[in-house]
Amino acid sequence: MSVDFVLRPTVATDAAWIAELRAVVMRPDLERLQRFDPVRVRERFLNGFQPEHTYIIHSDGVDAGVIAVRPEPDSRWIEHFYVAPAHQGKGLGSAVLRHVMSASVDERPFRLNVLQGSPARNLYERHGFVVESEDPVDVFMMAPANPLTTAH
């Protein structure tokens, strides 16, 4: 199944929409973990927003999600990867993650963290991520630079 989407660079004015999307998408997991704070969930994003590493996922004529890929010297962090609920379960997240990972230009692995018990963990595991460490709230995962070409 092919899912059409375009990644467009973000601009500063996208920040409020992304913060709201983050609050909507993360709310069920944060509530389950008894960590949902409607102000903090938005402020945490807004205080660290780096538009130069963040892309809006545009699909079916609308902005359907967001993903950030922040480079570090030894890895690339996938952050703020949220797909709007109306667009979940249709392969969009998989298509975006596959695209980002296959566009790898070097051997730095990808890293991310996901909340304990989040269904998103299944998506990441299907794309080659393995657990590096975890605590009661977060699961930290890693995948090689291009798992589609490095897998045997």
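May I ask you to give the percent of accessible area on the range 87-134 that is carbon plus sulfur, with a probe radius of 1.4 Å?
Looking at the range 87-134 in its full context, I get 48 percent from C and S.
As a test question: what accessible area, to the nearest 10 Å², does residue 6 have when a 1.4 Å probe is rolled over all protein chains in place?
90
How many Å² of accessible area per residue for the chain, probe 1.4 Å?
That works out to 55 Å² for each residue.
Over all directions, average the projected area of the Cα convex hull of the range 1-57 and note it in nm².
So the Cα hull casts an average projection of 5.1 nm².
Could you grab the relative contact order for the chain? Cα pairs under 8 Å, six or more apart, rounded to a whole percent.
Reported relative contact order: 20 percent.
Could you give log10 I(q)/I(0) at q = 0.14, 0.25 Å⁻¹ for the range 48-118, computed by the Debye formula over C-alpha point scatterers of equal weight, without solvent?
The calculated log intensity ratios at q = 0.14, 0.25 Å⁻¹ are -0.46, -1.28.
Which whole-number percentage describes the relative contact order of the range 63-152, with Cα contacts under 8 Å and a sequence gap of 6 or more?
Relative contact order, the range 63-152: 25 percent.
Once ligands and nucleic acids are excluded and a 1.4 Å probe is used, how much of residue 26 is accessible, expressed in Å² to the nearest 10?
Residue 26 has an accessible surface of roughly 30 Å² with all protein chains in place.
How high is the FRET efficiency from residue 36 to residue 8, r the C-beta distance, R0 22 Å, rounded to 0.05?
Taking R0 as 22 Å, the efficiency between residue 36 and residue 8 is 0.15.
Show 76, 8, 111 ordered by accessible area, largest first, where the area counts protein heavy atoms only and the probe is 1.4 Å.
8, 111, 76
For the range 7-152, max minus min Cα coordinate along each principal axis, in Å, sorted largest first?
Projected onto its principal axes, the Cα set of the range 7-152 covers 44, 36, 32 Å.
Enter the Cα centre distance for the pair the range 17-65 and the range 83-152, rounded to the nearest angstrom.
17
For residue 16 and residue 103 in one chain, what is 0.36 nm times their gap in residues minus the Cα-Cα distance, to one decimal in nm?
Gain on stretching residue 16 to residue 103: 28.5 nm.
I'd like the accessible area for residue 74, computed on protein heavy atoms only with a 1.4 Å probe and all protein chains in place. Round to 10 Å², please.
Looks like 100 Å² after rounding.
The values are calculated or read from the model by the stated rules, or taken from the named source; none is laboratory data. These figures come from a predicted structure and were not determined experimentally. In this analysis, Cβ positions are derived from the backbone assuming ideal geometry, glycine residues included, and neighbour counts consider all displayed protein chains. Surface accessibility is based on the protein's heavy atoms, side chains included, excluding ligands, DNA and RNA. Shrake-Rupley method; radii C 1.70, N 1.55, O 1.52, S 1.80 Å.
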